[in-house]
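The values are calculated or read from the model by the stated rules, or taken from the named source; none is laboratory data. Given the structure is predicted, the values throughout are model-derived calculations rather than measurements. As a convention, Cβ positions derive from the backbone with ideal geometry for all residues, glycine included, and neighbour counts pool all protein chains shown. All accessible areas refer to the heavy atoms of the entire protein, side chains included, with ligands and DNA or RNA removed. Shrake-Rupley method; radii C 1.70, N 1.55, O 1.52, S 1.80 Å.
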Amino acid sequence: MNAVVLDEWGGELAVEEVDRPDPGPGEVRVDVRACAVTRTIENAVQGGLSDDPALTPRIPGHEFTGVVDAVGDGVSLDVGDRVLAYFYLVCGTCDHCRRGEANRCTGFEGWYGVNCDGAYAEYAILPAGNALPLGETGFAAGAVAADGLATPLHVCERVGVDDTDTVLVVGAAGRIGVHLSQLAALRGAHVVAADVAPDRLAHVDDVTPDAVVPVDASSDEFVARVREATPADEGPTVVVDTVGDVDTLHNAFAALAMGGQVVSLTTHHDRVFDAPMKEYVVKEASFVGSRYATKDQVVRAARLFADGRIQPVVRRRVGLDEVPAVHRELRRNETFGTTVVEP
Ligand SMILES: [Zn+2]
């Protein structure tokens with residue numbers, strides 16, 4: 001079969017002919033129909049999740065959907081089942097796993113597509129516990145749901161976004177940002193969608209409801225523009241940072257409403273946000289980390305697309321042979337919105 005292979009962390013991706021794998025006990029083989037090509041995967045390719053040389057060569061890719069093609073021993077799934085993948089490799093037995101909080105697993109075993117081969121391939125082996133029901137959701141939409149909508153759903157439920165909120169989305173043109181903006185609006189919140197560059201802001205305007213207000217985060221007037229876009233100029237009650245740009249985050253914190261919450265999705269090792277402690281007290285502000293999503297949230301994210309309540313934003317569909325070039329664009333920061341590979 002054809003697959004996109006990484007020789008070493010931080011190295012180049014190449015399309016190669018490799019043996020089609022067979023599922024072991026507790027695993028299924030999935031005929032891959034769609035896999036999102038994202039910055040999260042580029043971060044993994046650069047060694048941002050693990051840089052253990054023993055894990056390469058590696059086939060990356062984790063945000064994917066497909067059809068079960070073969071099952072190993074002890075698996076209750078059937079050939080023909082439509083599935084979408086859960087990103088984290090979890091123990092299944094710790095207190096958090098038992099409570100359905102797999103994103104907080106304390107026996108964490110790594111990331112699909114990093115600690116084992118992933119889905120930039122015609123076929124992928126998936127632990128049965130990571131094969132979630134796709135239901136009626138389309139394959140490309142499911143690939144977007146796996147992280148692009150599941151992570152926003154976790155954010156909204158973690159901080160309780162509702163119709164009393166104004167949500168400032170920092171990095172609104174990215175796949176997390178566009179789906180978070182739609183979801184927060186669906187939950188009744190005012191949404192202020194911040195990004196930089198006219199093409200990115202135009203994209204946000206195109207793919208989000210009218211109630212979502214795009215704001216240029218690179219403007220000197222950013223804080224004032226954000227406040228003007230919120231009811232009674234009070235500022236956002238929730239700021240969600242999907243980018244990790246510290247200057248923008250300081251500005252967003254300055255605009256934060258009384259009692260507001262700042263949510264970080266940043267996994268860059270080197271970013272530090274050092275707002276004065278007094279500011280937290282005076283505003284009774286909270287800083288909240290939000291980690292991926294539960295398995296239940298991944299399944300419900302796919303249903304939000306299937307029901308038509310949220311629109312999956314896919315900018316481009318490519319074949320496996322184009323994946324290395326898309327990653328080069330991601331590396332040069334030349335692309336935004338979700339690209340999906342259909343092997
Ligand atoms: Zn666990």
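Numbers below:
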read-out	value
So Val18, is it touching a residue at least 24 places away in the same chain (Cβ under 8 Å), among the aliphatic types (A, V, I, L, M) and open to solvent by 20 Å² or more (accessible area, probe 1.4 Å)	yes
Any hit, the stretch 330-341, residues being on the phi > 0 side of the Ramachandran plot and small (Gly, Ala, Ser)	yes
Strands (runs of 3 or more DSSP E) fully within the stretch 234-325 counting 2 or more residues that are within 19 Å of Val204 (Cβ to Cβ)	238-241, 314-318
Subset of the stretch 324-343 [of a type in the set (Val, Ile, Thr) and either closer than 23 Å to Thr208 by Cα or touching a Pro at 6+ places or on another chain (Cβ under 9 Å) (or both)]	Thr335, Thr338, Thr339, Val340
Options Leu49, Leu77, Leu84: the member that is in contact with a strand residue (DSSP E or B) (Cβ under 6 Å, 6 or more places away or on another chain), at pLDDT 95 or above and either within 16 Å of the ligand (Cβ to nearest atom) or part of a loop (DSSP other than H, G, I, E, B) (or both)	Leu77
The stretch 92-104 residues that are under 15 Å from His154 (Cα atoms), paired with ones that are modelled with pLDDT of 95 or more and within 8 Å of the ligand (Cβ to nearest atom) (beta carbon under 6 Å, 6 or more apart)	Ala102/Val90; Arg104/His96
Wholly within the stretch 106-224, strands (runs of 3 or more DSSP E) carrying at least 1 residues that are among the polar types (S, T, N, Q)	166-170
Within the stretch 93-140, tally of residues that are within 12 Å of the ligand (Cβ to nearest atom), open to solvent by 50 Å² or more (accessible area, probe 1.4 Å) and closer than 25 Å to Pro21 by Cα	2
Residue count for the stretch 257-279, restricted to those that are within 18 Å of the chain's Cα centre (by Cα) and under 16 Å from Arg39 (Cβ atoms)	6
Breaking point among (1) in contact with a Ser or Thr (Cβ under 9 Å, 6 or more places away or on another chain); (2) buried (at least 20 other Cβ atoms within 10 Å of the Cβ), for Arg315	(2)
Total residues in the stretch 153-165, condition open to solvent by less than 10 Å² (accessible area, probe 1.4 Å) and closer than 18 Å to Ser286 by Cα	3
Residues of the stretch 326-342 classified as open to solvent by 10 Å² or more (accessible area, probe 1.4 Å), part of a helix (DSSP H, G or I) and not acidic (Asp, Glu), total	3
